[in-house]
Amino acid sequence: PTHQFHHLTSSFLISSLPFSPDPLSDCTTQHPHPNNITMKLFCAALLAVAATNVSAFAPTSGHLSQRTAALSMAASAPEEDRRSFVTKSAATTAGVAISTLATSTALPLPASAKATNQWRQVKVPFEDTVYDIDFDSPTHGYIVGARGSFAETNDGGQTWEPRSFSNLDAEEEITYRFQTVSFDGGEGWVLGKPTLLLHTKDSGKSWERIPLSPKLPGEPTGILAKGPNQAEMITSSGAVYTTENAGRNWKAQVKETIDATLNRISSSGVSGASYFTGSIVNEQRDSQGAYIAVSSRGNFFLTWEPGQDFWIPHNRGTPRRIQNMGFVRGEIKNGLWMTLNGGKLLVSAAKDSSTIDLQSEEFPFEEANIKTGGYGITDVAWRNDDEVWAVGGSNTMYVSKDNGKNFQFDKSANDIPGNLYNVKFFPDYGNAGWALGSNGLLLQYVGEKA
């Protein structure tokens with residue numbers, strides 16, 4: 001059956017589900033590891049320590065809230081955590097492991113690449129999670145976050161001033177989690193949760209509240225400014241809408257919700273898709289209007305392009321749960337990236353001049369060489385054709401200079417407690433880069449120091 005969609009709104013956010021596995025599970029589970037020798041030695045030491053009930057390598061766990069889901073992730077411990085373990089030389093671990101192993105020959109440990117330091121922290125006027133950032137000029141932009149957090153910059157992000165909405169009183173504003181902000185010229189949109197949509201035509205000097213129908217299929221999860229009075233919105237049920245009159249009317253771009261499609265047609269070739277009842281998370285939009293989204297259970301993903309009547313489900317191609325997905329260099333034609341439980345990152349890049357076949361049930365993903373120590377990767381972004389950044393739990397950061405094949409650790413946020421959720425670059429404004437996280441964390445890309 002075809003569903004009629006009315007008012008709604010869409011935002012393109014990057015939720016993530018950080019993951020902190022038990023270190024012992026890495027030792028007892030057989031899977032490829034980028035540093036097998038070090039891992040074997042470390043595992044032997046870890047198993048020996050575990051046998052004596054010592055928990056020096058067990059990270060502390062914490063509970064956080066992030067966009068569309070409650071996230072569980074290991075909290076950072078300055079004195080000893082897996083993040084610091086990643087940056088250490090292997091000498092200490094090797095000494096313990098070698099003394100534990102009952103072998104006559106010690107294998108050499110490969111050297112780790114030197115950690116970089118390419119980001120600097122920028123002070124913001126609140127201590128709540130920063131969820132999104134956008135600019136409408138090289139100097140003017142906004143950040144939004146939890147508990148009604150909203151701030152403006154007029155100097156390219158060097159300083160930020162708190163702002164509030166005149167049509168929301170202080171007690172009401174603090175109840176909202178502003179999860180998406182999008183600007184095009186002087187026209188902007190802010191999407192909040194519980195469902196709230198705000199619109200400005202004068203670069204944020206004044207805002208109006210846009211009413212949304214309570215009969216929307218799913219919750220609005222993303223909004224994109226597309227020009228004067230124009231915007232595009234998506235919901236957790238996969239409904240995509242556009243408006244050309246500042247949100248007074250919305251036109252549906254997809255004929256039916258995702259669960260309606262998957263229950264109407266046979267999806268037997270995609271594990272978990274048939275008779276699907278649920279929602280989508282981590283919806284992302286490319287520059288041409290194509291979307292990718294992950295099922296709420298993380299067992300398959302879906303794509304949609306303008307002109308298609310329905311979303312198309314795809315196999316994840318791995319037994320691990322999908323954490324997040326996105327586009328290679330910002331466009332679906334260039335390929336897809338996928339993060340999995342346990343800090344895994346897979347990339348399916350288009351070869352030469354070919355493009356990704358979105359009709360295929362499976363994609364040829366290849367695992368990137370990235371040593372996360374088990375911390376979940378929450379977001380990935382291409383700065384240019386070769387430079388790729390990944391961020392994740394315990395404020396871990398990684399950079400690749402070969403289009404996502406190999407990554408090295410970046411220590412910019414190593415001593416800052418919290419978790420990173422979002423990394424963005426703005427090609428139209430000097431390719432400025434920003435990383436966003438918990439506890440009011442905002443990092444600015446400064447590049448490698450001479």
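The values are calculated or read from the model by the stated rules, or taken from the named source; none is laboratory data. All figures in this text were calculated on a predicted structure; none of them were measured in a lab. Glycine gets a Cβ as well: all are built from the backbone with ideal geometry, and neighbour counts include every protein chain shown. Accessible surface is based on the protein model in full, side chains and every heavy atom, while ligands, DNA and RNA are left aside. Shrake-Rupley method; radii C 1.70, N 1.55, O 1.52, S 1.80 Å.
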Considering only residues of region 400-441 that are outside any loop (DSSP other than H, G, I, E, B) and among the acidic types (Asp, Glu), which is nearest to the chain's Cα centre (by Cα)? Asp410
Filter region 359-390 down to residues that are touching a residue at least 60 places away in the same chain (Cβ under 8 Å), open to solvent by 10 Å² or more (accessible area, probe 1.4 Å) and small (Gly, Ala, Ser), then give me how many there are. 1
Does Pro194 satisfy the criteria of being in contact with a strand residue (DSSP E or B) (Cβ under 8 Å, 6 or more places away or on another chain) and either open to solvent by less than 10 Å² (accessible area, probe 1.4 Å) or touching a residue at least 12 places away in the same chain (Cβ under 8 Å) (or both)? no
Quick one: in region 391-430, of everything that is touching an Asp or Glu at 6+ places or on another chain (Cβ under 7 Å) and closer than 30 Å to Asp184 by Cβ, which residue is most open to solvent (accessible area, probe 1.4 Å)? Asn403
Select from region 294-321 the residues that are aliphatic (A, V, I, L, M) and touching a residue at least 40 places away in the same chain (Cβ under 8 Å) and write down the one among them that is most open to solvent (accessible area, probe 1.4 Å). Ile312
Just wondering, is there one or more residues in region 197-210 that are at pLDDT below 95 and under 24 Å from Gln308 (Cα atoms)? no
Qualifying positions in region 311-347 - in contact with a helix residue (DSSP H, G or I) (Cβ under 8 Å, 6 or more places away or on another chain) and in a strand (DSSP E or B): Pro313, Phe327, Gly335, Leu336, Trp337, Val347
